[in-house]
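The block underneath contains the structure these notes are about, expressed in structure tokens.
The values are calculated or read from the model by the stated rules, or taken from the named source; none is laboratory data. Source: prediction; values computed, not measured. We place every Cβ from the backbone using ideal geometry, glycine too, and count neighbours over all the protein chains shown. Ligands, DNA and RNA are stripped out before the accessible areas are found, and what is left, the full protein with its side chains, is counted by its heavy atoms. Shrake-Rupley method; radii C 1.70, N 1.55, O 1.52, S 1.80 Å.
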Amino acid sequence: MSVKARRISGRLETVVTKVNYAFDPVDDDKIIRNRLLTRTTTTRGEPPLKKLQKKFTSFVLEVDKDEENYNECGRLAKAFLQELSTFEIPLLKSQAVVEANRREKESFNEVKDETERQITQAKTEIEDLKKQLEESKIDRQHKEECETIRKLISAQPPRSETEKVIYELNKEIAELEAESTASWRLLELRKKQFALLLHVVDELQNTMEDEQKCLVDEIRTALDDQRNITEPMSID
């Protein structure tokens, strides 16, 4: 599986490409390791590393001989060096593959870091959106309450009519208060007049009683005088 990164509309997008392998990944690693060690591209023939070992062994054995075999040693040395040179290009290729893998790993790490950063940023944005959603719910609730209050206010009569009704009510209250004050004053006056009337009646009653007593006394005195006059006449 290879990972590539491309930038779209200012944002880094990770593209993952799936590669189908002919072998199991574990077996693939073993095959690659074996080919790097032996440079064997097929399952037939002698491994080149063994051939190089044999040529090196032949060269060493020839050098160890006491005979004057300079030509044979030169030939074996040349064959060994030629066989050794065949390993240079694969090694360079392997080095290039390693360098490419290193660069790809660095690129993958950059993509990974960028992906993690975007994930963190996305989480932060999600938290911010949650807060905005809660605030939007509260705002919507407030708007609904305001709309309910507005409907209640709209159902009421206009302000001018309300003020007119309030004015009329205040005027009626003032008139009722004035009537109440006048009634209270009239009641107080009637109380005073009634108290005065009771006082006059009491005085009249007392005067009549005194006059009745005086009249009775006068009648008694008159009767006594008349009795005193008639008694001497009867004696004669």
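Tell me, which residue of the range 67-104 that is acidic (Asp, Glu) and loosely packed, with under 12 Cβ neighbours inside 10 Å is modelled with the highest pLDDT?
Going residue by residue through the range 67-104, those that are acidic (Asp, Glu) are 67-68, 72, 83, 88, 99, 104.
Those left that are additionally loosely packed, with under 12 Cβ neighbours inside 10 Å: 67-68, 88, 99.
Working: 67: 66, 68: 72, 88: 77, 99: 90.
Out of the qualifying residues, it is 99.
Taking the condition touching a helix residue (DSSP H, G or I) at 6+ places or on another chain (Cβ under 6 Å) and either at pLDDT below 85 or on the phi < 0 side of the Ramachandran plot (or both), does residue 61 pass?
Details: touching a helix residue (DSSP H, G or I) at 6+ places or on another chain (Cβ under 6 Å): no; either at pLDDT below 85 or on the phi < 0 side of the Ramachandran plot (or both): yes.
No.
Looking at (1) open to solvent by 100 Å² or more (accessible area, probe 1.4 Å); (2) touching a residue at least 60 places away in the same chain (Cβ under 8 Å), which one does residue 115 not meet, given that it meets all the others?
Only one criterion is unmet by residue 115, namely (1).
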